[in-house]
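For reference, the structure discussed in these notes is given below.
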Amino acid sequence: MRGHHDHAHPHRPDLEDLPRTYAMLLTDAVASLLLAKGIVTPDELRATLETIDSRSPADGAKVVARAWVDRDFRARLLADVNAAAAELGIDAGGIPIRALENRPGLHNVVVCTLCSCYPRLLLGPPPDWYKSRAYRSRVVREPRAVLAEFGLVLPEETEILVHDSTAELRYLVLPGRPPGTEGWGEAELAAIVTRDCLIGTAVPRLPTAQRNGPGVAPGAA
Amino acid sequence: MSPPRFPAGARVRVRALHPPGHCRTPFYARGRCGVVLGVIDHQPDPEARAYGRDGLPPLAVYRVRFERAELWPNDEGGGRDAVVVDLFEPWLELAAEGTR
């Protein structure tokens, strides 16, 4: 990053020096009570946190890449993401996940306006912006402006569907396969499916070197 | 578990209720009309579960589509864009034809 080291960084405080918020105290208190009352054991708590931390958007990308090359798998994914992911050895957890298919003229984007529901067991922890009040309140009201701030400018005629996951369901965007990827292997395809593509704030693009000129959102025309 | 009350395509209004405590109906959708896309699941009532009850029998969870102009009538542009919200059946009622 050019110029990144031209300025002095403020000293980064130790974790313990940051202010303790109400939510942090509440989380610690509930965790202590669950352990003290024997409702969960420390091992179970650690194992659950480790499971969540071990997940990453790469699992979601793998599922999308398979759907791009295998029509039958795609149909099964659109019916039930958890079952389709299990076919690839991915345990996406017990909360049902549904796929939202981008098509020419239709773009999907996911939010949880009430809190920050996210398919953590498939994609790992959500990015901080996904939990921000700005994203949650703005994307339902002005999706085009929010997507443009992510660098995704969609044509006027493309319909944007914003999905507010307010119940015990989670959503995964199944983006369109960009032109120019014919004959690619699954691993190569998965590499262009970023986390934001799975939330809907981006679309897969070819690496710059393989692109002729500026990219256009695939399927968006 | 009773059969769902509203078929796909039904025009529904979200009840403009403001119950105390936990619920899953965003304020921006209350009192607004949308179209049922379908029933996506049956789930225990989160308003009961939040207080330690089992929330049974499970309620139908609908995907309801709201046009942007219905939710934000004072905003301009983005005419075709819409929001889809997951809503529990007790929050919905049939909207009269042609009403907004």
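The values are calculated or read from the model by the stated rules, or taken from the named source; none is laboratory data. Quick caveat: nothing in here was measured; it's all calculated off a predicted structure. Backbone-built Cβ (ideal geometry, glycine too); neighbour counts: all protein chains shown. All accessible areas refer to the heavy atoms of the entire protein, side chains included, with ligands and DNA or RNA removed. Shrake-Rupley method; radii C 1.70, N 1.55, O 1.52, S 1.80 Å.
Structural remarks
- For the residues A:ASP53, A:ASP43, A:ASP128, a GNM of chain A with alpha-carbon springs under 10 Å puts the largest fluctuation on A:ASP43.
- Cα-projected label distance for A:LEU88 with B:ARG30, points at 7 Å along beta-carbon direction, nm: 4.0
- The chymotrypsin sites (Phe, Trp or Tyr not before Pro) found in the stretch B:1-84 that occupy coil by DSSP, while having at most 15 further C-beta atoms within 10 Å, are B:TYR51.
- By DSSP, the beta bridges lying fully in the stretch A:56-210 are antiparallel in about 10 percent of cases.
- Applying 0.36 nm per residue to the separation of A:ASP70 and A:ASP17 and subtracting their alpha-carbon distance, the gain on full extension is 13.9 nm.
- Each stretch of four or more DSSP H residues adds -39500 (n - 2.57); spread over every residue of chain A, this sum gives -11500 deg cm²/dmol at 222 nm.
- Residues of chain A were split at every exposed loop site, defined as GluC sites (Glu not before Pro) in a DSSP loop with at most 12 other C-beta atoms within 10 angstrom, and the longest piece left, sites excluded, is A:1-155.
- Where Rh is the Kirkwood radius over Cα pairs, Rg/Rh for the protein assembly as shown: 0.98
- GNM on chain A, alpha-carbon springs under 10 angstrom: the most fluctuating residue among A:ALA86, A:ALA29, A:ALA47 is A:ALA29.
- What the stretch A:56-123 shows is 39 Å² of accessible area per residue, with the surface traced by a 1.4 Å probe over protein heavy atoms.
- Inter-probe distance in nm under a simple model that places probes 7 Å from Cα toward Cβ, at A:GLU149 and A:LEU206: 3.2
- Note on B:ARG5/A:LEU78: beta-carbon distance plugged into 1/(1 + (r/R0)^6) with R0 of 22 Å gives a FRET efficiency of 0.25.
- Taking a Cβ cut-off of under 14 Å around A:ARG20, the surrounding Lys, Arg, Asp and Glu residues balance to a net charge of -4, with basic ones at +1 and acidic ones at -1.
- Taking the centroid of alpha carbons for each part, the stretch A:107-151 and the stretch B:51-100 are 19 Å apart.
- In the B-A interface, the accessible area buried, summed over both sides, Å² (probe 1.4 Å): 2000
- Largest mean-square fluctuation among A:PRO127, A:PRO178, A:PRO119, in a Gaussian network model of chain A whose springs join Cα atoms under 10 Å apart, belongs to A:PRO127.
- Note that the stretch A:149-166 has calculated 3J(HN,Hα) couplings of 5, 7, x, 10, 9, 9, x, 3, 7, 7, 7, 9, 10, 9, 9, 9, 8, 9 Hz, one per residue in order, obtained from phi through the Karplus relation 6.51 cos²θ - 1.76 cosθ + 1.60 (θ = phi - 60°); glycine and proline are x.
- Share of carbon and sulfur in the accessible area of the protein assembly as shown stands at 55%, probe radius 1.4 Å.
- The dipole here belongs to the stretch B:11-94: it is taken about the Cα centre, uses +1 on the Cβ of Lys and Arg and -1 on the Cβ of Asp and Glu, and is about 80 debye.
- Computed FRET value (nearest 0.05) for A:ALA31 with A:SER56, which takes r as the C-beta separation and R₀ as 30 Å: 0.80
- FRET E, pair B:ALA96, B:HIS42, Förster distance 45 Å, beta-carbon r, rounded to 0.05: 0.95
- Geometric extent, Cα atoms of the stretch B:11-94 - Rg, Dmax (angstrom): 13.7, 44
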